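Novice: First the structure, which I've put down as structure tokens, then a few questions once you've had a look.
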Amino acid sequence: MIKGPSITVAGAGAFGLASALRLAEAGARVRVFDPLQDQPNASGVAAGMLAPGFEVALDPSVRAHLDLLMAGRNLWPELERRLGLVIDRSGAAAIGGADFLHRAAMGLKSAGLHAGDLPARAIQTLAPGLAPGFSQAVFTREDWRIDAAAALVALRQAAEAAGVEFLPVEALGFEGADWLVIATGAAQDLAVLAPALGQLSPIKGQILRLTRPYRGITLRAEGGYVVPDAGGMAVGATMQPGRRDLEIDPETLAPLHTLASALFPGEAVGEVRVQTGIRAATPDGLPMVGRDRHPNVILATGARRNGWLLAPLVARIVVACITEGDAGPYATRLDPRRFAT
């Protein structure tokens, strides 16, 4: 774009920052509004999994969308180079009882993905410290992971270098811009401009961050997951539909403590830190990306569990909506107007 339009982006999570960066690189004048820029949001609290494999294997509701999830993941190497990030491509393994492993393996195979069986020695190599009782696992290399907090920092720095201006206040509307991109998660404050936001429901999620060391692959178990984390491991995550508060719920977190102890018994727990975030979900589990009723309002929200996975794909669609370029084959599936009666 030459002398491109001015654009207000509401929200500085994965969708908002990725979109702001690509819009600025396309020549737009971009300002990002977010009153909580220096505080953890759902994107920063997340485990950073780019996991189309086990997402479709363990959640039949998204199995029909493997192509979309894979397309999002496959755009990450370009962003990795652009931001100087390192994607963990070591893969992920499902561990647990025979029924759970069978379900994970059949889910991967029915989606056309390879499901590898890991023997005990391989499991201990890939997941050092794991309890010896876990002698079998189902493994896939399709699932990657990033450091979510580091990715947020890198996205913001790249956006600032591209000319994006950041304001630590809430966007009340267009803020004098030609276009408005709404990437505010489950918030409804801008619903007067984008009625489709009324389709969103909040999901409160809590994650444990332990200083207990772990330098293995992503582990998927019944009731949660374990991933390596800066200075230790992250164990997650709770899902409480309909909740918008950020209060810590000890009773809800208890199963995550139990999971960590079952997987890594005898290890010193170390310091425990709890982080809470509010995600947004649509009725069909896919985000809303594209125009709502107002022709100059673009939505980029409702990611549920796959915000980081889909962020580069969402950013491409947002740019295409504003530049009238090719939005690609997935824009129709994510169109906010799909819920209109």
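Values quoted throughout were computed directly from the atomic coordinates according to the rules given, and no laboratory measurement underlies them. Here the structure is a predicted model, which means the values were calculated and not measured. Virtual Cβ from ideal backbone geometry, glycine too; neighbours counted across all protein chains shown.
Novice: How tilted is helix 148-161 with respect to the longest principal axis of the chain? Cα atoms for both, answer in degrees (0 to 90, nearest 10).
Specialist: Tilt relative to the chain: about 30 degrees.
Novice: A follow-up question, please. What dipole magnitude, in Debye to the nearest 20, does the chain give about its Cα centre under +1 on Lys/Arg Cβ and -1 on Asp/Glu Cβ?
Specialist: 520 debye
Novice: Considering every pair of different Cα atoms, what Kirkwood radius, in Å, is found for region 42-121? Please list the in-between numbers first.
Specialist: On the way: mean 1/r = 0.0707 Å⁻¹.
One over the average 1/r among Cα pairs gives 14.1 Å for region 42-121.
Novice: Could you list the trypsin sites (Lys or Arg not before Pro) in region 235-302 that lie in coil according to DSSP, counting only those with at most 15 other Cβ atoms within 10 Å of their Cβ? It would help to have the intermediate numbers written out before the result.
Specialist: Details: sites: R243, R244, R273, R279, R291, R293; in loops: R243, R244, R293.
Listed in order of number, the matching sites are R244, R293.
Novice: With only alpha-carbon atoms counted, please give the Rg and Dmax of region 233-338, in Å.
Specialist: Calculated on Cα positions, Rg and Dmax stand at 18.7, 58 Å.
Novice: How much mean residue ellipticity at 222 nm does the chain get from its helices, if each DSSP H run of length 4 or more adds -39500 (n - 2.57) and you divide by all residues, to the nearest 500 deg cm²/dmol? Provide the component values of the computation, followed by the final result.
Specialist: Details: 11 runs with 109 residues, N = 341.
Mean residue ellipticity, 222 nm, calculated: -9500 deg cm²/dmol.
Novice: Continuing with this model, one more query. With the convex hull built on the Cα atoms of region 58-181, state its orientation-averaged projected area in nm².
Specialist: Values: hull surface 45.4 nm².
Result: a mean projected hull area of 11.4 nm².
Novice: Here's a follow-up. I'm a student and want to see the number: the projected area of the Cα convex hull of region 114-223, averaged over all directions, in nm². Can you show the working numbers first?
Specialist: On the way: hull surface 46.0 nm².
Average projection, Cα convex hull of region 114-223: 11.5 nm².
Novice: Translational diffusion coefficient of region 211-266 at 4 °C, 1.567 mPa s, Stokes-Einstein with Kirkwood Rh over Cα pairs, in µm²/s as a whole number.
Specialist: On the way: Rh = 12.3 Å.
Estimated via Stokes-Einstein, D reaches 106 µm²/s.
Novice: Loop only per DSSP, at most 14 neighbouring Cβ atoms within 10 Å: give me the GluC sites (Glu not before Pro) in region 251-341, ordered by residue number.
Specialist: Those that pass, being in a loop and sparsely packed, are E271, E324.
Novice: Here's something else I'd like to know. Evaluated at 4 °C with a viscosity of 1.567 mPa s, what Stokes-Einstein diffusion coefficient in µm²/s does region 103-164 have when Rh comes from the Kirkwood expression over alpha-carbon pairs? Don't skip to the answer; put the middle values down first.
Specialist: On the way: Rh = 14.7 Å.
The diffusion coefficient I find is 88 µm²/s.
Novice: Something else now. Just to confirm the number: angle between the C-alpha axis of helix 307-323 and the first principal axis of the chain, 0 to 90 degrees, nearest 10?
Specialist: Taking Cα atoms only, the helix is inclined about 20 degrees.
Novice: Now for a different question. Kirkwood Rh, region 260-322, all Cα pairs: how many Å? Could you put the intermediate results ahead of the total?
Specialist: Numbers: mean 1/r = 0.0684 Å⁻¹.
The Cα-based Kirkwood calculation yields 14.6 Å.
Novice: Further question: Percent of Cα-Cα pairs per 5 Å bin, from 0 to the last occupied bin, for region 164-298, please list those.
Specialist: Calculated over all Cα pairs of region 164-298, the distribution is 2, 9, 16, 15, 13, 12, 11, 10, 7, 3, 1, 0 percent.
Novice: Looking at the chain only, what percent of DSSP beta bridges run antiparallel? Nearest 5 please. Provide the component values of the computation, followed by the final result.
Specialist: Values: 37 of 55 bridges.
Bridges in the chain that DSSP calls antiparallel: roughly 65 percent.
Novice: Over region 136-290, calculate the relative contact order: mean separation of alpha carbon pairs under 8 Å at least 6 apart, over the residue count, as a percent.
Specialist: Values: 198 pairs, mean separation 38.2, N = 155.
Rounded, it is 25 percent for region 136-290.
Novice: Still on this structure, please answer the following. Can you tell me which of A93, A161, A327 moves the most in a GNM of the chain? Springs connect C-alpha atoms under 10 Å apart.
Specialist: Greatest mean-square fluctuation among the candidates belongs to A161.
Novice: Compute the acute angle (0 to 90°) between the alpha-carbon long axis of helix 250-263 and the principal axis of greatest extent of the alpha-carbon atoms of the chain; round to the nearest 10°.
Specialist: That works out to roughly 50 degrees.
Novice: Hey, with R₀ at 45 Å, roughly what FRET efficiency would R215 and V192 work out to, going by the Cβ-Cβ distance, to 0.05?
Specialist: Working: r = 49 Å, r/R0 = 1.08.
That pair, R215 with V192, gives E of 0.40.
Novice: Stokes-Einstein D for the chain at 25 °C, 0.890 mPa s, Kirkwood Rh over Cα pairs, in µm²/s?
Specialist: Values: Rh = 20.4 Å.
For the chosen part, D equals 120 µm²/s.
Novice: Given Cα pairs under 8 Å that are at least 6 residues apart, what percent is the relative contact order of the chain? Don't jump to the answer; show the numbers that get you there.
Specialist: Working: 741 pairs, mean separation 81.9, N = 341.
This gives 24 percent for the chain.
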